[in-house]
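Every number here is computed from the coordinates shown, using simple stated rules; none is lab data. What you are looking at is a predicted structure, and each value in this text was computed from that prediction instead of being measured. Note: ideal-geometry Cβ built from the backbone for every residue, glycine included; neighbour counts use all protein chains shown.
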Ligand SMILES: [Fe+2]
Ligand SMILES: [Fe+2]
């Protein structure tokens, strides 16, 4: 079967659009996190955004040979439901990642394999695995923001300021970094 006549071609196109929209969604969320001083959350969401950009690029690379002469029309929804409500957006994004990883990309991979495109099936599976990690990370961020444990662990914990590199082991992250004066939003757990 030729890729341009396959269901896999349509799935690739939808996935490409979904990844472009996801990149926009995380850009908005990262900026919302920065606005409330959660710089480490900003960095984490910016990294997710970069991941989604790469996913879009990977799908595009597979798609271009099939659609280069086609008149493709794309009908897609907005990448967000609310703007500025980070907790709500974290939940919405995690739900989307869950659906992508366990339902959508898993199904697209099966279709691609059935239609004789094993390399595209592998791509859907690899991207789906990343989306699963995104879901776990978003849920973890949301839960830490919810119960206020992002900078408070209750046991001696090693913290590192991502601005100047200062490290200290305390139950709570310093409110202000003693070395550079950055606020708590810059501090991350030192692994
Ligand atoms: Fe993605
Ligand atoms: Fe994702």
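Could you say which residue among 63, 90 is more than 22 Å from residue 136 (Cα to Cα) and either surrounded by 20 or more Cβ atoms within 10 Å (Cβ to Cβ) or within 16 Å of ligand 1 (Cβ to nearest atom) (or both)?
On the way: 90 fails: more than 22 Å from residue 136 (Cα to Cα).
Answer to the selection: 63.
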For this session: Of all residues in segment 113-158, count the ones that are touching a residue at least 60 places away in the same chain (Cβ under 8 Å), more than 16 Å from ligand 2 (Cβ to nearest atom) and part of a helix (DSSP H, G or I).
Result: 2
Problem set entry | In segment 94-106, the residues that are more than 11 Å from ligand 1 (Cβ to nearest atom) and either within 26 Å of residue 153 (Cα to Cα) or touching a residue at least 40 places away in the same chain (Cβ under 8 Å) (or both) | 94
For this session: Keeping to segment 173-182, report how many residues are in contact (Cβ under 8 Å) with a residue 12 or more places away in the chain and out of contact with any helix residue (DSSP H, G or I) (no Cβ under 9 Å at 6 or more places or on another chain).
Result: 2
